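Down below is the structure, laid out as structure tokens.
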Amino acid sequence: MRKRTLGRGLSDLLSGESLTQSRAVIEIALDELEPNPFQPRQAMDEDGLEDLTVSIENHGVLQPILVRRVGAGYQIVAGERRWRAARRAGLTTIPCLVQDAGDAQALELAMVENLQRDDLNPLEAARGYRLLMDDFGLTQDEIAQKVGKSRSAIANTLRLLDLPDEVQGRLRAGEISEGHARALLALAGRTEDMAALLQRIVEEGCSVRETERLVREAIAPRDAESATEEEAVAVTRRATGDIVRDPHIAAAEQRLQTALAAKVVIRPSAKRGGVIHIRYYDSNDLERIVESLGALAEPSD
């Protein structure tokens with residue numbers, strides 16, 4: 001299926017001549033407005049919505065919502081909370097900033113507006129980014145430019161969609177943070193280990209750093225199981241104390257993991273040299289790691 005393409009860029013829509021030509025503030029009946037099907041924000045805090053309703057009852061709608069024309073009516077691009085609160089407050093109309101925008105532009109504007117207000121949870125942001133990629137053909141670099149974030153930040157947020165439903169549910173509910181969720185990604189494909197660690201994080205209130213340590217401990221035994229016979233013997237000897245783990249190797253692994261935000265295992269050879277294993281999750285993660293390695297190789301000023 002051919003992907004929908006973008007028209008004018010977001011910067012054109014938000015500035016200059018196109019702004020004055022395509023926008024006007026008018027009062028529109030609440031019943032003439034419909035929610036945006038591309039709205040990235042899925043959850044609305046009930047307490048926050050009630051507070052906004054009280055504010056509107058006392059002071060009215062102080063900031064117009066952003067809408068676009070759709071057929072004979074209008075569709076909300078950004079400001080659905082204000083629209084819902086206005087209905088609760090008993091208003092019949094609401095001030096609207098009318099913007100000519102296609103589907104992709106409407107999603108871009110909604111993403112930017114919500115991100116600027118910090119209204120999106122990480123999963124909502126990830127779904128919005130995925131929609132921009134799958135339905136409108138944007139690259140991660142293009143999304144990063146439009147929402148004012150780094151490409152690696154976009155890639156890391158998108159990876160959250162690979163988590164099991166239970167982990168996503170805990171993240172959505174605020175029981176774990178994005179940092180916890182990203183640490184658990186290292187256990188992809190190990191459902192039982194991830195579920196057990198998730199429960200421990202919630203019950204014991206583990207910090208992100210503690211979670212990263214527990215993930216490394218959960219991975220280590222599996223590394224030994226999947227290693228070659230020679231490597232497995234070496235791992236077993238280290239575990240029983242026959243061979244002491246070289247602290248310089250351990251420190252180097254930690255430095256690489258921190259610099260690359262990836263699982264790194266260094267396996268020294270019995271004679272000289274060795275092998276460095278760097279794990280990645282998908283092609284985007286691989287590209288991110290390659291870019292990180294390139295940045296590390298660049299000479300400093």
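All of the numbers you see were taken from the coordinates with simple rules; none came from a lab. In this text the structure is predicted, and so the values were computed from the model without any measurement. Cβ: placed from backbone, ideal geometry, glycine included. Neighbour counts: every protein chain shown.
May I ask you to compute the full-extension gain from T139 to R87, defined as 0.36 nm times their residue separation minus their alpha-carbon distance, rounded to one decimal in nm? Could you put the intermediate results ahead of the total?
Working: separation 52, 0.36 × 52 = 18.72 nm, distance 3.80 nm.
Using 0.36 nm per residue and subtracting the Cα-Cα distance, I get 14.9 nm.
Arranged from highest to lowest average of other beta-carbon atoms within 10 Å per residue, in what order do the peptides 67-73, 103-109, 130-136 appear? Kindly include the intermediate steps, with their values, before the conclusion.
On the way: 67-73: 14.1, 103-109: 22.3, 130-136: 17.0.
By packing density, highest mean first, the sequence is 103-109, 130-136, 67-73.
Between Q254 and E203, what's the calculated FRET efficiency when r is the beta-carbon distance and R0 is 30 Å? Round to 0.05. Mind dumping the intermediate values first?
Numbers: r = 27 Å, r/R0 = 0.90.
That pair, Q254 with E203, gives E of 0.65.
Could you give the nm distance between label points at R213 and R69, where each point is 7 Å from its Cα heading toward the beta carbon?
6.2
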